[in-house]
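Peer 1: Mind looking over this structure? Questions follow.
Since every read-out is calculated from the coordinates, none of them should be taken as a lab result. Nothing here was measured: the structure is a model prediction, and the numbers come from that model. With ideal geometry, Cβ positions are generated from the backbone for all residues, glycine too; neighbour counts draw on all protein chains shown.
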Amino acid sequence: VQPLIVRVADEAAMLMWAAQLAAVLKQGAVVYLHGNLGMGKTTLSRGVLHALGHQGAVKSPTYTLVEPYELAEVQAYHFDLYRLADPEELEFMGIRDYFDAQSLCLVEWPEKGAGILPRPDLEICLSRWQDGRELEVSATSERGVQMLNALSA
Ligand code: ADP
Ligand code: MG
């Protein structure tokens with residue numbers, strides 16, 4: 001399946017696309033968010049969490065590594081592994097408890113958890129495009145393919 005390329009001119013457009021993404025995320029979906037600092041990983045996560053009913057702020061959980069969100073229809077976890085020194089630390093955090101069949105997991109800096117982090121269903125690479133951003137969305141599981149197809153439809 002070909003990756004989906006999405007170009008968003010500004011933050012508002014990104015948040016609107018995040019709502020479309022939220023609508024196709026299945027229970028237990030794992031989404032890796034790749035991209036340098038400032039590329040919009042947290043903004044995209046905020047858009048998804050708001051679309052799923054969260055009303056407060058969403059900040060990168062850089063120091064705590066993970067922030068839980070108990071939403072109306074789903075339990076979500078937002079990870080930022082930027083400060084993770086060693087993937088093994090994820091074992092001490094009890095990573096298996098987060099990645100269960102029901103929970104939605106959004107992961108910034110998944111590279112830092114390589115080898116320990118469960119595999120994703122979708123991988124989104126964010127980069128600069130004009131004054132906005134380009135998002136390259138790839139499906140990396142059978143369920144990811146279904147989500148990507150629903151997004152493209
Ligand atoms: P990251 O989590 O990848 O480090 P952030 O989501 O914290 O990045 O946001 C980076 C900055 O880019 C913020 O100032 C935000 O307003 C801006 N931004 C986010 N999305 C877009 C977009 N689609 N176009 C332009 N600027 C954006
Ligand atoms: Mg961030």
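Peer 1: When the chain is fully extended, how far beyond the present Cα-Cα distance does Glu11 get from Gln130, taking 0.36 nm per residue of separation?
Peer 2: Net length gain for the segment: 41.6 nm.
Peer 1: Taking 25 °C and 0.890 mPa s as the conditions, I'd like the Stokes-Einstein D for the chain in µm²/s, using the Kirkwood hydrodynamic radius from alpha carbon pairs.
Peer 2: 160 µm²/s
Peer 1: Set the Förster distance to 35 Å, then compute FRET efficiency between Gln2 and Ala101 from the Cβ-Cβ distance, nearest 0.05.
Peer 2: For R0 = 35 Å, the calculated efficiency reads 0.80.
Peer 1: Still on this structure, I have one more. Taking Cα pairs under 8 Å and at least six residues apart, what relative contact order does the range 7-153 come out at, in percent?
Peer 2: Answer for the range 7-153 is 32 percent.
Peer 1: Could you check the simple spin-label distance between Glu70 and Ala23, using points 7 Å along Cα→Cβ, in nm with one decimal?
Peer 2: 2.9 nm
Peer 1: Continuing with this model, one more query. Would you please give the residues with an amide H less than 5 Å from that of Val66, counting only those at least 5 places away or on a separate chain, with H modeled from the backbone geometry?
Peer 2: Asp80
Peer 1: Could you tell me whether the range 56-106 comes out rounded, prolate or oblate from its Cα gyration tensor? Rule is a ≥ b ≥ c as square roots of the eigenvalues, rounded for a/c under 1.5, then prolate if a/b exceeds b/c, otherwise oblate.
Peer 2: Oblate, because a/c is 1.5 or more while a/b does not exceed b/c.
Peer 1: I want to check the label-to-label distance for Glu88 and Ser152. Put each point 7 Å from Cα in the C-beta direction and report it in nm to one decimal.
Peer 2: 4.2 nm
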